[in-house]
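Written out below as structure tokens is the structure these notes cover.
The values are calculated or read from the model by the stated rules, or taken from the named source; none is laboratory data. No experiment lies behind these values; they were computed from the predicted model shown. Cβ: placed from backbone, ideal geometry, glycine included. Neighbour counts: every protein chain shown.
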Amino acid sequence: NKRYNIAVLPGDGVGNEVIPVAVDALRLAGSLEGLDLRFEELPIGGVALDLVGVPLPEETLTKAKNSDAVLLGAVGWPKWDNNPKHLKPITALLQLRAGLEVFSNLRPITVFPQLVDSTFLRKDTAEGVDLMIIRELTGGIYNAHPRGFTTNEQGDEVGFCTESYSATEVDRIARVAFDIAKQRRSKLCSVDKATVLEGSMLWRKRVTSMALEYPEVEVSHLLIDTAAMDLVRHPRQFDTILTGVMFGDILSDLAAMIPGSVGLLPSAALGDSGPGIFEPVHGSAPKHYGKDTVNPLAAVLSAAMLFRYGLKEESAARRIEIAVSDVLDRGFRTRDIHTPGTALVGCKRMGEEILRSLDARVSTS
Ligand code: IPM
Ligand code: MN
């Protein structure tokens, strides 16, 4: 049996509700494929602040680095909002991404046929959407140098954060995007603000020249404002979207409204080597925590991405995706995607139904 070590970092809030569901799905789908998965739970975020006084303990980072894949929940809690930056829960996430050098963030957005009624757009606009946002993750404005606070000549307080992208940073994320586009519908749309930002000007130049290496990929460039409009006007035109860390953050939440809930969106953060980080796009959701109402599907679909991109176990990934589809066929819906005529269930129950679907497949496949 192939053995894998998975670092499990539930973090804060609803991370503690959705991650156990994802772990159960990993374990069962893995065992059906003859994989031996070992899980080790580690603290991150507010939980770690309470425990050891820092958001990303040394041990968590070391063990994450030595694992085969990292499954992450969410970080952040109102209690810590006024902490200095280095003691904020979300700093842990940025440090973990930097520490594991996961520069590419894959955020697929698909409208399941069973869920077309959950969209915030018109049904005929959302139908059939299947796109992948490739977001640069360890550079750009999030990781700016210089940055900080100062006082200008007028004595006015100033906060600043300078965006830069190097050719090397653009090339490595663009390479990932071209390779993924090639395996999809061979359409790549690069999103920037090249009319204003220097980083974007370089970005567009590098993507344009890399396109020469991929004659089979149809490449387009959109400005971020136009891209935002087109994403809700006609999302089906998009296949693979390549963009920077900040535009990608905004576009992925915007795109969540196409299927209708951020509770459906999984993500993978990958580097050149070493373990990837697999996490739902949603946050710790303080408003919803403790009520057993949140949607575990974003976490479960992140578990599928963990198999696919992290462990290269495609059949285990497919098992999970088929189980999710089966649960939706059987009519189960959490509150965020509930529509008339379907069965409203909580997070735990949704998890049980996923296991049931996974199990059922043993006899049918
Ligand atoms: C996300 C989150 C993070 C980001 C925050 C928590 C730092 O919003 O993963 O989309 O902006 O990358
Ligand atoms: Mn975000």
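Here residue 76 meets each of (1) within 24 Å of residue 241 (Cα to Cα); (2) in contact with a helix residue (DSSP H, G or I) (Cβ under 9 Å, 6 or more places away or on another chain); (3) within 16 Å of ligand 2 (Cβ to nearest atom); (4) not hydroxyl-bearing (Ser, Thr, Tyr) with one exception, condition (1). Just one of the numbered conditions (1) away from ligand 2 (no atom under 16 Å from the Cβ); (2) assigned to a helix (DSSP H, G or I); (3) closer than 30 Å to residue 333 by Cα is not true of residue 201: (3). Quick check: anything in region 233-241 outside the structural domain of residue 168 (by TED's automatic domain parsing) and more than 16 Å from ligand 2 (Cβ to nearest atom)? Checked region 233-241: no residue is outside the structural domain of residue 168 (by TED's automatic domain parsing) and more than 16 Å from ligand 2 (Cβ to nearest atom). Checked against the criterion of being within 16 Å of ligand 1 (Cβ to nearest atom), in contact with a helix residue (DSSP H, G or I) (Cβ under 8 Å, 6 or more places away or on another chain) and not in a helix (DSSP H, G or I), the candidates 55, 43 yield just one match: 55. Restricted to region 318-338, and to residues there that are in a helix (DSSP H, G or I) and without any contact (Cβ under 8 Å) to a residue 24 or more places away in the chain, the residue that is nearest to residue 30 (Cα to Cα) is 318.
Tell me which residues, restricted to region 65-87, are part of a helix (DSSP H, G or I) and exposed (fewer than 15 other Cβ atoms within 10 Å of the Cβ). Listed by number, the residues that qualify are 78, 79, 85, 86, 87. Taking (1) more than 17 Å from residue 97 (Cα to Cα); (2) within 16 Å of ligand 1 (Cβ to nearest atom) in turn, residue 249 satisfies each apart from (1).
Are any residues in region 85-105 at pLDDT below 95 and more than 10 Å from ligand 1 (Cβ to nearest atom), and if so, which ones? Within region 85-105, 85, 86 meet the criteria.
In region 111-172, counting only strands (runs of 3 or more DSSP E) that sit wholly within it, the ones holding 2 or more residues that are farther than 26 Å from residue 231 by Cα and in contact (Cβ under 8 Å) with a residue 12 or more places away in the chain span 147-151, 157-161.
Does at least one position in region 28-44 carry a residue that is of a type outside the set (Phe, Trp, Tyr), under 19 Å from the mean Cα position of the chain (by Cα) and either in the same structural domain as residue 286 (by TED's automatic domain parsing) or farther than 23 Å from residue 316 by Cα (or both)? Yes, some residue in region 28-44 is of a type outside the set (Phe, Trp, Tyr), under 19 Å from the mean Cα position of the chain (by Cα) and either in the same structural domain as residue 286 (by TED's automatic domain parsing) or farther than 23 Å from residue 316 by Cα (or both). Of the residues making up region 262-280, those that are within 16 Å of ligand 2 (Cβ to nearest atom) and either surrounded by fewer than 22 Cβ atoms within 10 Å (Cβ to Cβ) or at pLDDT below 95 (or both) number 1.
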